[in-house]
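First up is the structure itself, then whatever we jot down about it.
The values are calculated or read from the model by the stated rules, or taken from the named source; none is laboratory data. Not measured: the values here are computed from a predicted model. Cβ placement follows ideal geometry from the backbone for every residue including glycine, while neighbour counts extend to all protein chains displayed. Areas reflect the complete protein model, heavy atoms only, side chains present, ligands, DNA and RNA absent. Shrake-Rupley method; radii C 1.70, N 1.55, O 1.52, S 1.80 Å.
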Amino acid sequence: MARLDHGFYSLEERIFYVLLLLGGAVTAAGLYAAHSMETHGHAITGMTNQVVWGLPHVFAIFLIVAASGVLNVASIGSVFGQALYKPRAPLSGLLSLAMLAGGLTVLMLDLGRPDRVIVAATHYNASSVFAWNVLLYSGMAAIVALYLWTLLERRMNRYAKAAGIAALIWRFALTTGTGSIFAFLIARQAYQSAVLAPLFIVLSFAWGLAAFLIVQAAMYAWNGQALPEAVRARMARLLGVFVAAALYLVAVYHLTNLYFAKQAAFEAFILLGRGDPSGLFAPLFWLGYVLLGTLLPMLLLWLPQAAGPRSLLAACALVLLGAFALLFVFIIGGQAFPLEIFPGYTATSSFADGTAEIYSPRWPEWLLGFGGLGVAFLLTTIGVRALDFLPQDDFVGRAE
């Protein structure tokens with residue numbers, strides 16, 4: 001490791017080691033939480049017999065969906081030939097691999113028997129969408145790794161477009177498969193909708209681009225550089241389009257449910273808080289996702305008065321916070337709503353049939369979820385340090 005003459009690491013090296021220590025600590029906390037859950041069982045979590053996918057699944061689904069969407073930056077450059085995006089393709093691929101690894105880490109450690117993952121990897125049930133996703137996730141990692149090779153190795157550059165097309169097709173399939181996990185669950189009234197597949201694809205565009213812009217801004221600040229105004233404005237407009245499209249499909253999903261009389265009670269539960277003992281889902285949806293996670297970012301991205309790098313970062317952060325709010329309402333709220341075991345009849349028993357569940361995540365779930373973010377952070381930090389992922393063609397000098 002290179003040192004300065006006076007014996008200390010350079011500023012960039014010290015920042016790298018601080019980030020490495022921070023990411024390692026968060027990842028270690030997540031591993032400790034997984035060990036505690038493995039040792040004591042899910043009884044130490046807030047999950048119940050009704051809410052079996054808790055907060056860790058919110059983090060995992062976010063990371064997997066965003067891992068697909070963040071690769072959109074590379075696709076725009078390599079597949080659609082947009083010169084502005086081409087220099088950002090390697091960073092896009094790195095983030096995709098890192099976020100996918102973080103999401104899958106949370107999934108495997110939250111299943112209850114991570115030691116049995118080899119069974120899932122070697123025994124397939126072709127009629128199960130979960131089995132399809134094992135192939136989709138591993139295939140995604142392999143294709144993106146190959147894509148990065150064609151981008152970073154000069155003699156392989158001629159294959160970059162072919163690899164980019166393969167990655168584009170595969171990530172659409174992966175996001176469709178992730179949405180189909182819920183769309184095929186007919187036992188839960190929140191799910192079982194064909195709208196979920198395209199919805200997850202559009203959500204991935206918004207979440208992935210927001211995550212990419214935050215990481216890109218951090219890299220430029222780390223190197224004392226400023227993003228060119230034309231590049232920033234163009235990517236901000238694109239993010240605004242993705243956020244608006246996501247809101248439109250979320251509205252279509254709920255309006256589709258409202259069209260069916262059997263879904264009226266569930267929509268009142270989610271949108272109005274009717275019958276929700278926690279009183280959490282309606283405020284999270286309207287305030288967390290619609291207002292703070294969608295409408296406010298759109299104003300920051302599109303209003304000329306709010307234009308600027310700080311407004312862009314604020315909008316990206318709000319989009320990501322809104323993503324967690326939406327996923328919490330969708331995943332947790334969909335399970336908290338009582339199951340309709342006998343349609344047309346009311347079922348009651350000492351097992352609390354027909355009642356809404358109250359879910360409160362506990363510390364192991366929080367730590368495990370943040371541990372997945374720590375894995376993605378670690379891999380990104382190491383990757384950026386080991387290889388040159390910072391675009392070199394649009395430096396405009398030292399940031400003021």
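A few notes on this one:
- For region 22-48 and region 49-125, distance of Cα centres in Å: 20
- Computed across region 97-169, the Kirkwood radius stands at 13.9 Å (inverse of mean 1/r, all Cα pairs).
- Loop chymotrypsin sites (Phe, Trp or Tyr not before Pro), region 191-284, which have at most 13 other Cβ atoms in a 10 Å radius of their Cβ (DSSP): F260
- Sequence-distant residues sharing a close amide H with Q225 (under 5 Å, placed H): A399
- Translational diffusion of the chain, µm² s⁻¹ [Kirkwood Rh, Cα pairs; Stokes-Einstein; 37 °C; 0.692 mPa s]: 147
- Helix 229-259 and the longest principal axis of the Cα set of the chain meet at an angle near 10°.
- Per-residue SASA entry for D276, accessible area with 1.4 Å probe, Å² rounded to 10: 20
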